[in-house]
Every structure is written in C-alpha cells, then in structure tokens.
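Down below is the structure, laid out as structure tokens.
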Amino acid sequence: MLPVSRGLGLFVLRLMLAAIAIGAVAGPFQVAFGQDADPDQPISYADWPDHDWRSPGFVGVIDGVMYDPDCWPLQAVGANVPNLIYRESIVQNLEWMRRNKVRWIRVFATGHREAPDLDADAHARMVRELTSLVEAYNKSVGRSESIYLLIVLTDYYGHGIPGDKYLRDNPAGCDFYVLPAPWFRRGYQRFNFNPECGDAPVSDVPNYEVNYKPWVRQLVSDLAESPAIMGWQLGNELKARNNVRNGVETGYDWYLDFVKDMTDTIRSVDKNHLVFVGAQYFAELTDIPYRPGTGGIDSYLRQKYLKAADQMARACGAYCWNVWPLTFYDFNAYPADDAMVLHRGGVATLATEYGFTLGTPSEDQARFGGSRVAALRAGIKRPWQDINGEWHDAQWGLAEAIRELEMNGAAPWGSPYPNPDTDLGSDLDRRRGISLAPEGMELWQVWTGVAADLEYQNARTGLTNACTSVSSSGRQSGGAPATRPTPVPPLMARPSASPTAPLDITGVVTGISTSVDDPTLIITTTKKATYRLRMPRNQSVKTFNVGDNVRARGWPMGDGVMLATGVEVVYNKR
C-alpha cells in the first residue's frame, strides 16, 4: 500500500493530466471539480421522493434493493430475448435459465424490429399467453427457482404500438426509424413534424396518448395480479430528442411529464408491479456530453447532468417510478455515473443490457482490449474518473461492476438457450449479443458463473425483515413464506430435475391454421373443452388433418391455449 502522501500525489497527478487533455476540448478543468464545487450539488438527496414499492406476493424494491415475492434478495443475472413471445422455444429458454440461475428475462410486448406484423389486440394476447405459461412454469419449480418477466411496453426503434408513427429522426443515426420527440408531449395528441434526417414533412401524427396509453392501461390491468411479472418498462431506450428543424428545445421536459403520466396510469390499474423508466442513461437521454473522451469529466457539464438526474428523481405525479434501467456497452462510464448517483439517493438500478460490441481488430482493442471474455471476467486496465471525482485504475468486469455500483443485476443480449438449433430469429445480434457469437459459450460461462455467485449470496442473506414489513399497495402480507434449503456453494450445487409439462390431453383435430406467424391446431377433447395449440418447433401442422385423434403434451397459456411440446396421432378417425 502506498503512503498517504504518495497516493495523494499520484491522484493529483492524474487529475492534472486529465485537465491538460480536457482543456483542449472543453476549456479549463478545475481539479477535483474546483475549490468551490460541492459534489452533492445541485442534488439534495434527502429531498428526493421515495421510489420504493412493494406489494406482498410480488417482486419489490426497498431502499434501492430488489426482493423476490418472499422478500429474499433478487440481485441476479437476467437475459434479453425481446421476441420470445413470438417464438417456439419458450420452455427451452426458461429451463436453461433455471438450471443456470438466470432469474429474469426481458421481453418486448410489441417485438423488436422483426416481430410479426400483428394488430394491437394480438400483441396483448400473446403477452398474456406468455405470462400464463411462465406462471405455470414457476408453480412447477417453486419460488426459489422462479423466473420473472420484465415486459417492455414499446420500442423507440422500428415499430411499437400499431398506429404510432416512426420517422427517421435520430440525429445520431439516420438509418433508424424512431419515435419523434413530440410523441412524448402530453396534451398535444396530434402534431405536424419535419424529420431531422431530411424526409418529407408529416402531418396528423399521434402522440403517446392516442394509441400507447390506452393499450398499456388495458394490458397492465389484465395482468395486474400475475406474480410472474417483475415489472413494466415504459419502453426500450426511449428518448425525446431535441429537433432543430422543428425548434424542439424542451424534449427532456416532455419526457419527464410522460414518465409521470404513464407511472400514474399504470398505478391506477396495477398496484403490484414495479415501474421501470424507458431510458438507457441520462447522458444519452439529455444529450449532455460531460465526458469529453479522456476518461475524465467536464465539471461545468457535470453540473447540468446532475440537474437532469435530479429532475428525473423528482418526476413523480401521484406515484413515483421505481427502477432506473441502464445500458452498459464497451466500458461506457455514463451508465456507471447514473448508478452511483441514484444509489446514493436510494433509487434502484438494473443493467438491462451489458456487453461489448464486436468490430474490426483495432475497434475491438479500443473498446474492450481485444477479448470480450477477458473484459467480461476481469475488466481492463484503463483509468477513468467517476462522477464523484474519484479516479480508478481500471474498468470493472461484470461481477465487480455489479458489486461496486450496487446494481440489482445485469443481462446480456441474446437467447439464454444457446443451442444452435433454437429459433433465435431477430433476437440474434452478432455484434453485441451472445447467441451464436464466436465466443458465445465462453461468454455464457462467465455470465452463469456470476449468476450462481449472486444466487448464493442472495440465499446467504435470506429473508429480510425490512422487506416483509412493507406493503406499498395495502395488500395484506399473509403468512410467513415457506422455508428454503440451506444454500450450497455454486461449485457444489446441482440443479433440480426438469419439470414435467402439466397438460396431457387427447382429442380430435377440429381446426387447422397454416399461418406462417402462428401455425395452430384446434383440438376438442371428449369433455368438449377446446384448446388452441401453438406447435413445437419443427413440427408442421400440415402433417395433421381435421378429424385426426391426437395426444398433445404441453404448457398452459391461459384461455384454452397450450404451448405444445409434442403432438402425435393416436389413430385416425375415418
């Protein structure tokens, strides 16, 4: 360990070097943010409203810490499978997650980019069906192994709720069609707009109140009692970008009002589930580039950032949102700033996306040192200054980042069922994701190792009384939760047996749909019950005929719907 005086000297030297580097870009830099700067200002954390929420029997957040329905900590690894709703390998994904301690899964209610072209009612129906299946799966494995859904309610990119208009209006990338800034403007339900990227003007464009808000209210109301849902995310990477062509200079204010209105809308029909904001980090949301690229921070812009964070923390109507999601790629320090600031104010954070972007060899070296596996496991020796002014010698790997930033977990992008035969569809992202990546299985080994360690620590902590004493919804706590086995160190743990599909029915085929998006068999049982079967992967409905007597095994998806794991003809009726 260095003597105090020598360590302080090195710290000041780093700041001086950063000041020289930043000065060329952002003007004079005040060491340690200047003599008069107070690192707490302009934020008064003691004045922040309470963002905690817990309803007994559901995932909750107390003092910025996430808990499962039994009040055991839920600091855990998750996975991003946006289009899982529209795929056949749902059960295989859930089973792989359970066996590898991956406890939550992020799905998009409207799909992501390449999801089927369905109407709003069909999107909602498939969300309800997925939720029913996960509920049934969780009942078969028990609370300690349950998997929870984080449902994203729309997407900034490509398409979302049918009827919403997407335009080339992202100044950072005109290849994308996105939600334009006035979509977030409350009270102005129709607007005219000139897209930033030079396309023809559009008119009579709906804002979020026209299609999105009533659709969300209905879906959330339908699933308000589901214990399988971890929470609702307002959207994927939503942002109200300012727009020079339209004179939009208040996009962030519109966004704050949108967050308040939609949180209250959800709470008006659902007092049980957590509400996640639909952003990735403040700097991207507000276009405040307070990190000029040297690893250090511009002190003037830092103050603007802190004001923006303070505004978001206070963006509460009758209720407050509960969790701030973060997108971490390529050791970007901006989301780390958010995690530090919000944790200090008692607000929960979760890295909903975490990983590294593949490119050319030189890009790989610059982004993560050339090896994604090594970067994920151990970080990289690269100095950076955190939002509080402290310098660090290295960027943190996955486990250390979760620990140092006190986040509630993290998730990679891509299917958590890495079998190459699975239907990855548009969830595949070879540049940023894990599925079918060159080193995909090695990356999963790091992720599942961290998952097992987090699960073990959760079990070691056990039931938390500070959680059981809280009911934000007014729901009665009920009896004490069931006891759980003594935790076993990850290297000694063995996964329990796979659950058996709970449905096993026989009946007659009374209808067949050969739709490419949703091939379906309709079966009527001897008791006159009717089931709509979503078919297992690689089993065509074309091998069956109306009148066939069949046996089907699978998982309930609510309202007479089954995700079939196997269908066979017992005998043909002639």
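Just so you know, in segment 483-504 the residues that are in a loop (DSSP other than H, G, I, E, B) and open to solvent by 80 Å² or more (accessible area, probe 1.4 Å) include one that is nearest to Pro56 (Cα to Cα), and it is Thr483.
Here is the figure for segment 531-574: residues that are touching a strand residue (DSSP E or B) at 6+ places or on another chain (Cβ under 7 Å) and surrounded by 14 or more Cβ atoms within 10 Å (Cβ to Cβ) total 25.
Condition check ((1) in a helix (DSSP H, G or I); (2) touching a residue at least 12 places away in the same chain (Cβ under 8 Å); (3) in contact with an Asp or Glu (Cβ under 9 Å, 6 or more places away or on another chain)) across all residues:
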site	(1), (2), (3)
Val107	no, yes, no
Arg125	yes, no, yes
Glu129	yes, yes, yes
Glu135	yes, yes, no
Ile151	no, yes, no
His159	no, yes, yes
Trp183	yes, yes, yes
Tyr188	no, yes, yes
Ser203	no, no, no
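Screening Ser144, Ser226, Ser203 for residues that are closer than 24 Å to Phe58 by Cβ, open to solvent by 40 Å² or more (accessible area, probe 1.4 Å) and of a type in the set (Gly, Ala, Ser) leaves exactly one candidate, Ser144.
Annotation note: of Gly507, Gly474, the sole residue that is modelled with pLDDT of 90 or more, loosely packed, with under 12 Cβ neighbours inside 10 Å and not polar (S, T, N, Q) is Gly474. Evaluated against (1) open to solvent by 10 Å² or more (accessible area, probe 1.4 Å); (2) in contact with a Phe, Trp or Tyr (Cβ under 7 Å, 6 or more places away or on another chain); (3) of a type outside the set (D, E, K, R), Thr357 falls short on exactly one condition, (1). One residue alone among Leu285, Leu301 is at pLDDT below 95, surrounded by fewer than 20 Cβ atoms within 10 Å (Cβ to Cβ) and aliphatic (A, V, I, L, M), and that residue is Leu301. Here Asp175 passes the criteria (1) of a type outside the set (Gly, Ala, Ser); (2) part of a loop (DSSP other than H, G, I, E, B); (3) under 27 Å from Pro536 (Cα atoms) except the one numbered (3).
Note on segment 327-348: residues that are buried (at least 24 other Cβ atoms within 10 Å of the Cβ), in contact with a strand residue (DSSP E or B) (Cβ under 7 Å, 6 or more places away or on another chain) and assigned to a helix (DSSP H, G or I) amount to 4.
The values are calculated or read from the model by the stated rules, or taken from the named source; none is laboratory data. It should be emphasised that the depicted structure is a prediction, and the values quoted were computed from it without experimental measurement. For neighbour counting, all protein chains shown are included, and Cβ atoms are generated from backbone atoms with ideal geometry for every residue, glycine included. To get the accessible areas, we keep the full protein, side chains included, count just its heavy atoms, and leave off ligands, DNA and RNA. Shrake-Rupley method; radii C 1.70, N 1.55, O 1.52, S 1.80 Å.
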